[in-house]
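*Asks:* Can you read through this structure? Questions will come right after.
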Amino acid sequence: MIGLAKSQGGRLLNELTNREVAFTARNSFRAAMGIEVESVDAGSAVLSLPVKEHLLQTSRFVHGGVLAVMVDAVIGTAVRSLLPSGVTAVTAEMNINYIRPVKDGKIFARGQVVHQGASLLVGTANIEDEQGKLLATGRATFFVKT
């Protein structure tokens, strides 16, 4: 049973969300990017990223690589939510389709696991702006390391 725990910004967080918040605190890459954990449930996750200057490319839009990182990160988070403690998974394959650019505000990555096998998990993700407009969509396969 997943219980409710600490509050973040006035909302209750479940144990999976707390575990991911702790994971993100130990992940210097996520910290450097500015990725924030919004919520995690079994097989799904929502991450966010405030758009900052260091994430923009020369045309003043968020770099496509940033959106790819968000696809990978949110699917990885959804995958981790289904794994026993101490078991890890790594990205084996990923693709992304860019829909529209974004230059400010906050972006949200919503990911879910669509297949869970013994050694491979497949997930999908949508990246949206604050108005819910689709910016990018992607899919990734993760390999469970035993």
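Each value in this text was obtained by applying a stated rule to the coordinates, not by laboratory testing. From a predicted model like this one, the values you see are computed outputs, not experimental measurements. Counting neighbours? That spans all protein chains shown, and the Cβs are built from the backbone with ideal geometry, glycine included.
*Asks:* Given DSSP loops and a limit of at most 16 other Cβ atoms within 10 Å, what is the longest stretch of the chain that contains no such trypsin sites (Lys or Arg not before Pro)?
*Replies:* The segment 61-102 is the longest one with no such site.
*Asks:* How large is ³J(HN,Hα) for each residue in the stretch 78-85, as worked out from phi by the Karplus curve 6.51 cos²θ - 1.76 cosθ + 1.60 (θ = phi - 60°), to whole Hz, x for Gly and Pro?
*Replies:* 4, 4, 4, 5, 9, 8, x, 4
*Asks:* Something else about it: Report the number of Lys pairs in the chain whose alpha-carbons are under 22 Å apart, with separation of 8 or more residues or on distinct chains.
*Replies:* Within the chain, the lysine pair count is 5.
*Asks:* Rounded to whole Å and ordered largest first, report the semi-axes of the equivalent ellipsoid of the chain derived from its Cα gyration tensor (root of 5λ).
*Replies:* 24, 19, 13
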